[in-house]
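The values are calculated or read from the model by the stated rules, or taken from the named source; none is laboratory data. Quantities reported herein were computed from a predicted structural model and do not represent experimental measurements. Note that we place each Cβ from the backbone using ideal geometry, even for glycine, and neighbour counts take in every protein chain shown.
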Number of protein chains: 2
Amino acid sequence: MTDTAPAYTAPDATTRAAMLDTARFDAAGLIAAIAQQHDTGEVLMLAWMNREALDETLRTGRVCYYSRSRGGLWRKGETSGQVQRLVDARLDCDRDAVLLLVDQTGVACHTGRRSCFFNAMRPTGLVETSAPLIAADTLYGRG
Amino acid sequence: MTDTAPAYTAPDATTRAAMLDTARFDAAGLIAAIAQQHDTGEVLMLAWMNREALDETLRTGRVCYYSRSRGGLWRKGETSGQVQRLVDARLDCDRDAVLLLVDQTGVACHTGRRSCFFNAMRPTGLVETSAPLIAADTLYGRG
């Protein structure tokens, strides 16, 4: 967390429930969530949330996704320390996607890169646009 | 299209096919695509692409999605004129999402707003962060 991130104020339970009622979760109960660094505009990652994850995120101001592979809540940074503090959450026009403006501590990607979107599709083939800032073994305490 | 957008160079068919082979389309044959204005960093929309749509986008440099509601290719701006020129396409770490850096002509959202993400989830409830720049009737020739 940087010192410059705007303070987040959580809506109360009634307001959260009313807003969540307008969101459109898919047949699996999920909504796509884009995380963007609030001040630089960098798109960090795309992941999924169920209603519980989005409610927890709005309640705590700390981003929680739903892990499709593990089948449960995924509190971003719980293992790695690379948490995302919420600055603002915005539903799109048809309410089936959410943009999270966040303050990312360290790196968003499990490969140790700031952003997950590093495989550029170029005339010569895939080109990596960034290198890891932290070794994955360090990130997950295996170093 | 602005005069300042970097020129896009299309990969040839063989290179496109090799890159598309590494992308992970879901059970419905789709991949999530985020469109971001290349110079301002504004996240404009989230939509879906099948392999054909992503291939056409890379080939032509003009963004083409897959419309889940219509069940076919959706050449962005074909009706409204609000096209997206591709600057760069980037697959994420697990290759199941793509970030499109684009140059958006006019507005991305069918409501006439620049970005689809205008419903902020605030303590008082949903708050619209932007107003339409163009009336939807004008956008779709019904004005």
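Values for this structure:
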quantity: Condition broken by A:Leu86, with the remaining ones in (1) without any contact (Cβ under 8 Å) to a residue 40 or more places away in the chain; (2) surrounded by 17 or more Cβ atoms within 10 Å (Cβ to Cβ); (3) in a strand (DSSP E or B) satisfied; calculated: (1)
quantity: Subset of region B:123-143 [over 16 Å from A:Cys93 (Cα atoms) and either of a type in the set (Phe, Trp, Tyr) or modelled with pLDDT of 95 or more (or both)]; calculated: B:Pro123, B:Thr124, B:Tyr140
quantity: Selection from region B:120-143 of residues that are of a type in the set (S, T, N, Q) and over 20 Å from B:Thr40 (Cβ atoms); calculated: B:Thr124, B:Thr138
quantity: Output for region B:50-67, where each listed residue is in contact (Cβ under 8 Å) with a residue 40 or more places away in the chain and either within 13 Å of chain A (Cβ to nearest Cβ) or touching a helix residue (DSSP H, G or I) at 6+ places or on another chain (Cβ under 6 Å) (or both); calculated: B:Leu54, B:Thr57, B:Leu58, B:Arg59, B:Gly61
quantity: Exclusive hit being assigned to a loop (DSSP other than H, G, I, E, B), within 10 Å of chain A (Cβ to nearest Cβ) and touching a helix residue (DSSP H, G or I) at 6+ places or on another chain (Cβ under 6 Å), set B:Arg95, B:Arg113; calculated: B:Arg95
quantity: Qualifying positions in region B:48-75 - hydrophobic (A, V, I, L, M, F, W, C) and farther than 19 Å from A:Asp26 by Cβ; calculated: B:Ala53, B:Leu54, B:Leu58, B:Val63, B:Cys64, B:Leu73
quantity: Sole exception among (1) touching a residue at least 40 places away in the same chain (Cβ under 8 Å); (2) surrounded by fewer than 19 Cβ atoms within 10 Å (Cβ to Cβ); (3) of a type in the set (A, V, I, L, M); (4) more than 17 Å from A:Tyr8 (Cα to Cα) for A:Ala136, by number; calculated: (1)
quantity: Where A:Leu126 falls short, out of the listed (1) in a loop (DSSP other than H, G, I, E, B); (2) over 15 Å from the mean Cα position of the chain (by Cα); calculated: (1)
